[in-house]
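Colleague: Below is a structure I'd like to ask you about.
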Amino acid sequence: MATPSSLDELYEVINKNNPFDVPPIVTGQDIWNGTFPDLTTFNAHASDAVFEAIEQVRSGKPKVISLAFRAEVGVGKSHLIRRVRQRLQVDESAFFVYANKYGDLNLIHYQFRQILADSLKQSNSQGITQWQELAVAMVNQVTTSKKTVSELVEKFPQALKKNHDLIDKLTNAILKAKPKVGDPDIVRAILWTLGDSSQAPFAIKWLAGKELSDAKANELGLPNPTKEIKLLEADALNAALQIISIASDYNPILICFDELEGLEVNEAGYFKSQVVGGLVKDLFDAIEQSNITKGITILSVIPPLIWEQFVSRAKTEGVEGLQDRLSSKYREPFDLKYADAEVVVSLVSLWLNEFYQSQNLIPPTPVFPFEEEKLRALGSEKPTIRSLLKWCRDNFRVLVPPPDQKELVQKAYERELAQDSEEFLDDSDLIARALYLGLTTLKGQTIDNVLVEDVTNHIKPVNKNAGAIQFKIIATENGKQEVIGVGVIQHTHGLSVSSKTLRLTMYDTFKLSRGCVIRSKERKIKKYWEAHKLLVKLVEQMGGEYIDLETEQIKPLIAILAVYEKRESYGINEDTILTFIVDSQIAFDNLLIREILSNPSGVISDDDTEEEIVIDGSNEVKPTLIDITDELSIDEESNIDIDSFFE
C-alpha cells in the first residue's frame, strides 16, 4: 500500500482548492458535456432499466417503449440522465434526444421539432454530431464502399465541391432504398449536415422548421417553411415523426423529457407538465416504425406530485391511457432513491479520489479531510445529492467559514451568462420576468431624469388582461407621473400578437399613460396583421413605444434571473442577489430598461415591419424547387460506388 502524503502537503492543497466548489446543480448543457464524477451504482436500477428497454426495442418487440422516473428535485436525476447519455455516446448504441426547455407551450409540437434538431446537433468528443452519424449511416446504406463516420465527415465537403450533384444523387438513391419516406426534403437536409460550415448549420436550421433566406434555401435545394405559425405547428409533429422514423432505422432512439415542474401555462390553461404529457401521448400513439426499425424508447422524469396529478386526472377527467403511455413497460415509475450512508461515503470518496489524483497526492483515508463516521451520520438523514454536495463544499476547508455569498452570486451569474443558448427568445414571459426583477431593484432611483417609484405585475382587471401586459412601471419625469404598461410579445402567431398589442392600447381599462411593446427586430410585424394597425395607433397616436429586443441587452438580466430562481439550489439568499444587481448595476446600466423609461420616438421603423408577399393571390411564399435528375446507374440493392467522388 502506498504511503500517504504528508499532512502539510495535504493541508496546503486543501486550503487552496475545493473540488466541491462548483454549482451543485446540473444544467441541460451538463447533460451533454459535463465532467463531474458519477457513482454508477447509485440508482443503477433506473439506468439499467433504460438500457434494457433500448435493447428490447432494438429487437422490435415492441417497437416503442415508454418508462418514467419519479424523482424529487435534487436527488440526482440529472446525474442519472447524463450517465445514460454518456453510455450511449461511448457505445454508439442509440441516438439521444433531451428535452428540458419547451419555449412557447402553445406550440409544443413546433418546440419539440426544434428540441429534436438541437439534440441531434450535439457532438461527441471528436466533434461529430448525431446528425452526421445519421447521415453517414444513410450514405453507407447505398454505397458499395462503406466509410467510417470520421472518414466521411472529413471527406464529404471536398467531395461536394468537386461534384455539385452529389447530394441529388445520394438523395435519389436513399429514396429508392426507402420508398416510404414521406418528405424527400428531410433526407436531403440530413445529407447536407455533412457539408461545411456554410451549409450544415443551415440544414439543421431547416430541419428545426425555421426559415432560411431564399438564397440559402435555393442553394441547398430545400423549400422554405410556411411563415404561418399555425401551419408550422400543424406540420411540426409530422416532420419530427418522419425524422424519428428515418433515424430509428439505423439506431435506437432514446427521447428523454425532463424538468416538467413549473407553473407555466398555455393559452388553454394547461400546465407545462400537462402539455408535455400530451406530447408524450401524441408521440407514443403516432410513431410509425418500419420492419427494420431499431426502436424508440421514451423516458419521462416526473416529480411525484405531478405523477399523482396525472393519475388523478386520468380518473376524474377521463384522460384515457395517459398513464399507460407515460410508462408502458412498467405499471409504476421507477422511484429514484435518496442517498444512504453507503452512497454518501462512496460518492464523497469518488469525488475526492479524482481530486487527489489530479494533485498527485495520497490521502490517509478515502474521505479525508472528512470523517467517515460523520458522513455516515449525514447519510442516515437521506440527503439529496444536491444538499450533500453543498455540505461538502461548505465543510471541505479546515477552520474556514462558509463561502462568501457575494462570490457565490458572482460565480453563479457568470455560469448562467455563459450558457450558449438563445432559446429564451421564444419565451415572452421569461424575458418579462427578467426585466421585472431588474426594475424592482431600481425603485427610488432616477435614471435619465426618470424616477422609478414602483413596479407591479398585478395587472387588473385580470380577466381582461389575460397576461398580455406583464407588468407596469410607475415613474415620474419632470413632475409628471407616467404609468407604463409593458408587454414582451415574442409570439409568431399573428392573432396572438394582435391580441396582446390590443391590451396595450387600452389605457383607460388598465390605467396606463403609455403602452410599451418589446419584440425582437427579426420577428417583424407583418403589415397585413391587425397588430400592425394597432402598433401604429399605439406609437403614432397614443404616445406608446415599440422597442427592438436586442439579445445582448437582455442576456445579463436573463442570467441573473436564472440565479434568482435557482437561489436555493445555488445556496444563495435573496437579499444577496438583489444587492448584487444593485452593486453591479446590471439593471441600472441596462440599455433595454433605459429605453423603456425614455420618451418614445413616436414612429414605427420600416425595419420593424414586413410587407405582405403575394404570389398567385396567396399570402404564402412558394418554395423554389430544384429539378433533380438521377444519372447514376444503381444496382438492384440501390448501391452506388461513392469512391469516385473522393478521388
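Colleague: Hey, could you check segment 62-92 for residues that are of a type in the set (Gly, Ala, Ser) and modelled with pLDDT of 90 or more and say which is farthest from Asn33 (Cα to Cα)?
Modeller: Initially, segment 62-92 is screened for residues of a type in the set (Gly, Ala, Ser), giving 66, 68, 71, 74, 76, 78.
Keeping just the survivors that are modelled with pLDDT of 90 or more gives 66, 68.
Working: Ser66: 25, Ala68: 23 Å.
Top of the filtered list is Ser66.
Colleague: On to the next question. Give me a count of the residues in segment 489-515 that are without any contact (Cβ under 8 Å) to a residue 60 or more places away in the chain, outside any helix (DSSP H, G or I) and either closer than 15 Å to Gln470 by Cβ or of a type in the set (Gly, Ala, Ser) (or both).
Modeller: Of segment 489-515, the ones without any contact (Cβ under 8 Å) to a residue 60 or more places away in the chain are 495, 497-513, 515.
Cutting the leftovers down to outside any helix (DSSP H, G or I) gives us 505-506, 511-513, 515.
Checking the rest, the ones that are also either closer than 15 Å to Gln470 by Cβ or of a type in the set (Gly, Ala, Ser) (or both) come to 506, 512-513, 515.
The total comes to 4.
Colleague: Going through segment 145-163 one residue at a time, which ones are part of a loop (DSSP other than H, G, I, E, B) and within 22 Å of Ser248 (Cα to Cα)?
Modeller: Selection gives Lys146, Lys147, Thr148.
Colleague: Identify, by number, the condition in (1) under 22 Å from Ser248 (Cα atoms); (2) open to solvent by 10 Å² or more (accessible area, probe 1.4 Å); (3) touching a Pro at 6+ places or on another chain (Cβ under 7 Å) that Gly209 doesn't meet.
Modeller: Status for Gly209: all satisfied but (2).
Colleague: Sort out for me the helices (runs of 4 or more DSSP H) sitting completely within segment 181-267 that have 1 or more residues that are in contact with a strand residue (DSSP E or B) (Cβ under 8 Å, 6 or more places away or on another chain) and polar (S, T, N, Q). Before the answer, list the steps.
Modeller: Details: elements: 184-192, 200-207, 214-220, 229-248.
Result: 229-248.
Colleague: Looking at segment 53-69, can you tell me whether even one residue there is more than 19 Å from Arg325 (Cα to Cα), open to solvent by less than 20 Å² (accessible area, probe 1.4 Å) and among the small types (Gly, Ala, Ser)?
Modeller: Scanning segment 53-69 turns up no residue that is more than 19 Å from Arg325 (Cα to Cα), open to solvent by less than 20 Å² (accessible area, probe 1.4 Å) and among the small types (Gly, Ala, Ser).
Colleague: Closer than 27 Å to Phe424 by Cα and assigned to a helix (DSSP H, G or I): does that describe Leu134? It would help to see each step written out before you state the result.
Modeller: Values: closer than 27 Å to Phe424 by Cα: no; assigned to a helix (DSSP H, G or I): yes.
No; evaluated as a whole, the condition is false for this residue.
Colleague: Any idea which of (1) within 26 Å of Asp426 (Cα to Cα); (2) at pLDDT 95 or above; (3) of a type in the set (Ser, Thr, Tyr) is the one Ser569 doesn't satisfy?
Modeller: Among (1) within 26 Å of Asp426 (Cα to Cα); (2) at pLDDT 95 or above; (3) of a type in the set (Ser, Thr, Tyr), the lone unmet condition for Ser569 is (2).
Colleague: Shifting gears a bit: Just checking, how many residues over segment 436-468 are under 25 Å from Tyr564 (Cα atoms), polar (S, T, N, Q) and open to solvent by 60 Å² or more (accessible area, probe 1.4 Å)?
Modeller: Of the residues in segment 436-468, 2 are under 25 Å from Tyr564 (Cα atoms), polar (S, T, N, Q) and open to solvent by 60 Å² or more (accessible area, probe 1.4 Å).
Colleague: Another question about this same structure. For the subset of segment 70-101 comprising residues that are of a type in the set (A, V, I, L, M, F, W, C) and in a helix (DSSP H, G or I), which member is most open to solvent (accessible area, probe 1.4 Å)? Can you show your working first?
Modeller: First, pick out the residues of segment 70-101 that are of a type in the set (A, V, I, L, M, F, W, C): 71, 73, 75, 80-81, 84, 88, 90, 94-97, 99.
Next, only the ones that are in a helix (DSSP H, G or I) stay: 80-81, 84, 88, 90.
On the way: Leu80: 4, Ile81: 4, Val84: 3, Leu88: 6, Val90: 119 Å².
Taking the candidates together, the pick is Val90.
Colleague: Next question, about the same structure. Filter segment 249-306 for residues that are aromatic (Phe, Trp, Tyr) and closer than 20 Å to Tyr98 by Cβ; which is least open to solvent (accessible area, probe 1.4 Å)?
Modeller: As a first pass, look at segment 249-306 and keep what is aromatic (Phe, Trp, Tyr): 250, 257, 270-271, 284.
Checking the rest, the ones that are also closer than 20 Å to Tyr98 by Cβ come to 250, 257, 284.
Values: Tyr250: 46, Phe257: 0, Phe284: 53 Å².
Among those residues, the one meeting the criterion is Phe257.
Colleague: Quick one: is Ser349 closer than 29 Å to Ile302 by Cα, of a type in the set (S, T, N, Q) and buried (at least 19 other Cβ atoms within 10 Å of the Cβ)?
Modeller: Answer is no for this residue.
The values are calculated or read from the model by the stated rules, or taken from the named source; none is laboratory data. Since we're looking at a predicted model, the values are computed, not measured. Cβ: placed from backbone, ideal geometry, glycine included. Neighbour counts: every protein chain shown. What goes into the accessible areas is simple: the full protein's heavy atoms, side chains included, and nothing from ligands, DNA or RNA. Shrake-Rupley method; radii C 1.70, N 1.55, O 1.52, S 1.80 Å.
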